[in-house]
Amino acid sequence: MTVSRPVGQIPQQAVAASELPRRATWFELFGDLVFVAAVGQATHRIGGHPSAAATAAAAALFVPLWWTWVLYTVRANRADHDRTAQRLLTTVGLAAVAGLAVYLGGVGHSRGADIGFVVSYLCARAGVAALYAWDLRRDPRLRRITLIYVQGSAVTAVIWLTATFALDGAWRYLTWGIAMSLELALPLLAGRRLADSPGDAEHLRERFGLFTIIVIGETVLGFTNGLVAAHTAVTAVLPGVAAFALAAGLWWSYFSASSTRPGAHEELAAGGRHLHIYVLGHLPVQLGLAVTGGAAGAAVKLGDGHLDAPLAACVLGGTALFLTSTALIRASFTGVRESVVVIRIATAAAALSLLPLTPHLPVAGTLAAPAALLAASVALETPAHRRRIRTASS
């Protein structure tokens with residue numbers, strides 16, 4: 001027996017499904033796996049050869065990798081419908097991201113690696129342009145954003161390629177930095193035109209949270225690899241425990257914030273200043289996590305003794321950068337005098353103040369100190385988070 005319903009009546013299940021908050025798709029999570037490999041190569045450059053130069057190079061190379069992830073994420077947040085054509089186009093772009101992972105470790109050491117890295121990066125960005133062009137067929141509101149992105153990408157691609165094939169040494173990497181800076185400025189140049197295609201705030205925050213988990217995961221991988229390399233020597237146990245506490249503290253500090261609760265930061269959906277600060281502000285957040293994670297792995301390998309200045313600066317400086325950046329993102333929504341903002345800035349300053357003491361601290365002590373500061377920060381912030389949640393729900 002067939003049950004009929006009036007024409008135009010929407011099934012109750014479909015209505016309920018349409019009201020559900022948007023979540024990351026399984027395909028987006030697959031894409032994150034590809035980025036995991038590239039992030040691992042960036043942090044390995046810190047842990048594998050701990051020095052000021054290696055850290056600076058890894059931090060610089062993390063930026064185009066991070067920006068590629070942002071471009072795919074923001075595009076999916078605005079227009080992705082998880083259809084076969086979009087998956088195929090994204091898969092081609094992800095293959096280029098895999099190329100980034102392959103060549104990232106060799107950048108600065110051989111011309112072939114430099115060329116491979118740049119070509120992979122530009123192909124990955126071309127994948128985003130192709131996705132926007134495809135999306136235009138269904139959503140004309142994306143026209144102005146697509147035009148800005150394609151034109152800006154074409155200009156910076158010329159700069160990338162010119163630097164790679166026509167320049168050598170420091171001039172090449174300086175020009176890369178100029179091209180990267182121009183790309184990061186593109187959303188600011190777009191201005192209010194981003195409001196033509198509003199996004200989903202819940203989905204965007206979830207995606208940035210997932211990428212944060214990926215970067216924190218490199219800290220876990222770093223200290224476990226350090227323990228393996230130390231052959232689980234007794235001297236490596238305490239640094240390993242301290243590194244685990246540091247990773248847990250970084251996770252707790254990021255995800256305990258009320259801004260990660262459902263319904264927070266709804267201003268992101270409309271674009272504008274809040275969206276720019278939230279997205280671009282996560283670059284130093286996640287860069288700080290990557291630097292801390294790479295250094296923590298190298299520190300555990302040492303086991304006993306003391307950390308040299310570059311490694312100690314990475315552990316404490318990376319933690320301070322993470323705290324300061326999360327504080328400033330929050331301040332854009334709550335104001336700079338809000339208690340959580342003040343607590344995080346003070347905790348970051350406390351972490352940096354430990355730098356002169358690191359030559360006298362054991363490895364475990366240098367790792368445990370920022371972990372203890374993070375724990376204290378989380379405990380002090382908890383009442384303010386609860387008040388903000390109650391205010392938002394009332």
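The values are calculated or read from the model by the stated rules, or taken from the named source; none is laboratory data. These figures come from a predicted structure and were not determined experimentally. Glycine gets a Cβ as well: all are built from the backbone with ideal geometry, and neighbour counts include every protein chain shown. Only protein heavy atoms, including side chains, enter the accessible area calculation; ligands, DNA and RNA are left aside. Shrake-Rupley method; radii C 1.70, N 1.55, O 1.52, S 1.80 Å.
What ³J(HN,Hα) values, in whole Hz, does the Karplus curve 6.51 cos²θ - 1.76 cosθ + 1.60 give for segment 163-171 when θ = phi - 60°, with x put for Gly and Pro?
3J(HN,Hα) across segment 163-171, in whole Hz: 4, 6, 9, 10, 10, 10, x, 4, 4.
Averaging over every viewing direction, what projected area does the convex hull of the Cα atoms of the chain cover, in nm²?
So the Cα hull casts an average projection of 23.5 nm².
Quick one: if you stick a label point 7 Å off each Cα along the C-beta vector at Arg337 and Ala37, how many nm between them?
About 5.2 nm separates the two model spin labels.
Give a residue-ordered list of calculated ³J(HN,Hα) values for segment 321-330 (Karplus: 6.51 cos²θ - 1.76 cosθ + 1.60, θ = phi - 60°; whole Hz; x for Gly, Pro).
Calculated HN-Hα couplings, in order: 5, 4, 5, 5, 5, 5, 5, 5, 4, 5 Hz.
Quick check for you: which residues of segment 277-312 have the amide N under 16 Å from the point 7 Å beyond the Cα of Ala52 toward its beta carbon?
Answer for this model: 308-312.
Using a Förster distance of 35 Å, how high is the FRET efficiency between Ala113 and Ala376, based on the Cβ-Cβ distance and rounded to 0.05?
0.25
How big is segment 41-183 along each principal axis, measuring the range of its Cα positions in Å and listing the largest first?
Reported extents, whole Å, longest axis first: 49, 28, 22.
Once the dipole of the chain is set up with Lys and Arg at +1 and Asp and Glu at -1 on Cβ about the Cα centre, which of Ala124, Val215, Ser332 lies farthest towards its positive end?
Ser332
If you bin every alpha carbon distance in segment 287-356 into 10 Å steps from zero, what whole percent lands in each bin?
All Cα pairs considered, the percentages come to 23, 43, 24, 9, 1.
Could you compute how much accessible surface Trp134 exposes when probed at 1.4 Å, giving the result in Å² to the nearest 10?
In the full protein context, Trp134 sits at about 90 Å².
Report the longest stretch of the chain that contains none of the trypsin sites (Lys or Arg not before Pro) sitting in a DSSP loop with at most 15 other Cβ atoms within 10 Å.
139-336
Taking all protein chains in place and a 1.4 Å probe, what share, in percent, of the accessible surface of the chain do carbon and sulfur account for?
68 percent
Run the quick spin-label model on Ala130 and Ile178: label points 7 Å from Cα toward the beta carbon, then report their separation in nm to one decimal.
About 3.0 nm separates the two model spin labels.
Roughly how many Å² is the accessible area per residue of the chain, as a whole number, for a 1.4 Å probe?
46 Å²
Could you calculate the FRET efficiency of Arg22 with Thr84 from 1/(1 + (r/R0)^6), where r is the beta carbon distance between them and R0 is 22 Å, rounded to 0.05?
Given R0 = 22 Å and the Cβ-Cβ separation, E is 0.70.
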